[in-house]
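Read-outs throughout are calculated quantities, based only on the coordinates presented, and are distinct from any laboratory measurement. Computed from a prediction, not measured in an experiment: that's the story for all the values here. In this analysis, Cβ positions are derived from the backbone assuming ideal geometry, glycine residues included, and neighbour counts consider all displayed protein chains.
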């Protein structure tokens, strides 16, 4: 039994081969705010925090051999405005950066498209996928929420 409370997931760290190239995508193109930089000396590593104070990515420059989050894992970026979402999609599509076209499904899937970061990690950009308590409770009471029972060993 857990005797403590975890309030949220705060961050995700990605090891990237080239921090500058990753910042061009996550900050310059997707608009995530750079919160801070940090350098470690043993071993020599450079980090950048991007996102928001409530949830952020830590990009750590270091050796990579394959996408760090595997073929199905991805970083999810939510865009709050549908107009901005479509504008971002069109801009990235024009540049040939969208690798999975615009999709739409029932909540919590909603609207999304995907691209790859410089280290080939999948980045899913979505609109309408925000997990608020109201949305979650409505979804749990719908026919889409028929979750299987999973035995934990």
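Structure summary
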{"item": "Protection proxy ranking of 13-23, 93-103 - average other beta-carbon atoms within 10 Å, highest first", "result": "13-23, 93-103"}
{"item": "Distance (nanometres) between label positions extended 7 Å along Cα→Cβ at residue 24 and residue 86", "result": "3.0"}
{"item": "Modelled FRET efficiency - R0 35 Å, residue 102 with residue 41, Cβ distances, 0.05 increments", "result": "0.20"}
